[in-house]
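To start, the structure itself, in structure tokens.
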Amino acid sequence: MKGDPGTGPLPPGPWDVAVVGGGPAGLLAAGRAAMLGARVLLLEKMEKPARKLRITGKGRANITNMRPLEEHLREIRPEPRFLRGAFGAFFNRDLVDLLAAEGVEVRVERGDRVFPASGRAWDVAEALAAWAVRQGAVLVPRARVEALVVHDGVFAGLEVVRTGSGLRQRVEAPRCVLATGGLSYPGTGSTGDGLAFAEATGHRLTAPFPSLVGLRTRPALEEVQGLDLRNVALTVWIDGRKQDTEFGEADVTARGLGGPIVLRQSRRIVEALAAGRRVEAALDLKPALDPPTLEARLARELEARRTCGDLLRSLLPPLLVPVFLARLGLDAAAPAARLQEGLRRRLLALLKDFRLEVVGHGGWEEAIVTAGGVSLKDVDPRTLASRRVAGLHFAGEVLDLDANTGGYNLQIAFSTGWLAGEAAARAILNPGE
Ligand SMILES: Cc1cc2nc3c(=O)[nH]c(=O)nc-3n(C[C@H](O)[C@H](O)[C@H](O)COP(=O)(O)OP(=O)(O)OC[C@H]3O[C@@H](n4cnc5c(N)ncnc54)[C@H](O)[C@@H]3O)c2cc1C
């Protein structure tokens, strides 16, 4: 695999299972199928497998979560029950054990999130690729699948192009696992190819949309870009109706808001924006203080502080002081004691409800995950086999499944990959089963 220029012909078959996409789902599918004795060809269009996995969790890879199954299911949309079979076949503990056997120890952090102890996502990607190859899978990078070949509703093969030379080839195999990922971070290779293949072969798609994505707001607060907001709450309002509130951390980006509590609410916001609804984000900068307690605190600060600038500095992160002064039409040097009743009310309201209109989101370039995908109605949850094309299985983000932050998305990819590889291999090796 190392240094493969992507020019020569593919290794000769015959193959039992062709896996398309060498991300976390494809690596697990290929490794599991090969482990069971299938002859497996794993095709990856980039020069290295698992490009996206290598950048997950800010380069640290939050690979799973140690919470029990029911809690995983609660974080997953739109149909968590679909995953019972895949999680039953391969779950968080299995992943940790597999990685330990490959020399990758893990560390469990806040919120039961699991990371490699080395802090390097790269180690996980390399270990999983080495594991799949050691099981016997033949991994070919720089091999882009361009189309599925389907005859009379039965999978027959793949049209493949070596990206280094443009050499075209047809690969034949009785079974295929499509693990091409979604549409987010297209620079990593996830450009939605599998969605197009699925649609072209008669599968229904749930229209994909970006999720776990930062928001564009009006105003944009670019003057305080980079500000980390800790211990704040974010409430989403849609068409003037209050939705959920999340507590935790957010950050101010060049064009709006990002960070954990923003990402967690982004799925619903993106859907609302697409439906043309009016969305607002309300930041509560003092969620631990109810309005009367905050009012009492303000009264104390008013006595103790000389100027409006001093007053605001006692209540806010320094970067936000000019923003508040501007919103309230105050001069930093004005005496705090002269803050009139009306302005005090507005200051209290702003601290508890700093409202920003949400006018957009970061799109595919910034989204952590793709919501939507191959409709679960067209896939058998016991085998992840297509109900439309015999011999075809799906795994990973190409499916209409997504989850919150916390390691759940990668666990979906690992579990569905494992199950799809297992089912594809068993169908060949034990056809009567
Ligand atoms: C910045 C970022 C951070 C993230 N952090 C986390 C995290 O910490 N924890 C977590 O749980 N999730 C995280 N995710 C989400 C997680 O990375 C994905 O859900 C996961 O990678 C999906 O795995 P997959 O194998 O289905 O798809 P992908 O990882 O997208 O892999 C698909 C592979 O298929 C290949 N491919 C596509 N088309 C073709 C083709 N035509 N021919 C051949 N090969 C093809 C691609 O090149 C790619 O290698 C993060 C995502 C991003 C973008």
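The values are calculated or read from the model by the stated rules, or taken from the named source; none is laboratory data. Only a predicted model underlies this, so the values are computations on that prediction, with no experimental measurement involved. A quick note on method: Cβ atoms are made from the backbone with ideal geometry, for glycine too, and the neighbour counts reach across all protein chains shown. Heads up: the accessible areas ignore ligands, DNA and RNA and are worked out on the full protein's heavy atoms, side chains in. Shrake-Rupley method; radii C 1.70, N 1.55, O 1.52, S 1.80 Å.
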Rounded, prolate or oblate (a/c below 1.5 giving rounded, otherwise prolate when a/b exceeds b/c) for the stretch 54-162 by Cα gyration tensor: oblate
Pair residue 314, residue 277: separation of 7 Å Cα→Cβ label points (nm): 4.1
Relative contact order (%) - the stretch 262-357, alpha-carbon pairs under 8 angstrom, separation at least six: 41
Carbon and sulfur %, accessible surface of the stretch 278-433 computed with the full protein complex present, 1.4 Å: 53
10 Å binning of all Cα-Cα separations within the stretch 131-231, expressed as whole percents from 0 upward: 11, 31, 28, 13, 12, 5
Part-to-part distance (alpha-carbon centres) for the stretch 66-107 and the stretch 212-239, which is given in Å: 31
DSSP-defined antiparallel bridges as percent of all bridges, the stretch 214-361, nearest 5: 100
q = 0.08 Å⁻¹: log10 I(q)/I(0) that the Debye formula gives for the chain, counting C-alpha atoms only: -0.51
Computed [θ] at 222 nm, helices only, for the chain once each DSSP H run of length n ≥ 4 contributes -39500 (n - 2.57): -10000 deg cm²/dmol
Highest-MSF residue in the chain out of 343, 95, 221 [GNM, Cα springs under 10 Å]: 343
Long-range amide H partners of residue 379 with built H, under 5 Å: 387
Ratio of the Cα radius of gyration of the stretch 275-374 to 2.2 N^0.38 Å, where N counts its residues: 1.40
Globularity ratio of the stretch 214-361, using Cα Rg and 2.2 N^0.38 Å: 1.07
GNM top mover of 50, 25, 275 - the chain, alpha-carbon springs below 10 Å: 275
Surface accessible to a 1.4 Å probe, per residue, for the residues of the stretch 214-361, Å²: 50
For the stretch 315-433, alpha-carbon Rg over 2.2 N^0.38 Å: 2.00
Average Cα contact separation per residue, the chain, under 8 Å, 6 or more apart, as relative contact order %: 25
Rounded tilt (10° steps) of 291-304 against the dominant C-alpha axis of the chain: 50
Gaussian network model of the chain, springs between alpha carbon atoms under 10 Å - residue of 54, 387, 300 with greatest fluctuation: 300
Euclidean distance between Cα centres, the stretch 298-342 to the stretch 142-207, Å: 60
Accessible solvent surface per residue of the stretch 1-151, calculated while the other protein chains remain in place, 1.4 angstrom probe, Å²: 42
Whether the stretch 1-99 is rounded, prolate or oblate, judged on the alpha carbon gyration tensor where a/c under 1.5 counts as rounded: prolate
Size of electric dipole in the chain: Cβ of Lys, Arg +1 and of Asp, Glu -1, about Cα centre, debye, nearest 20: 500
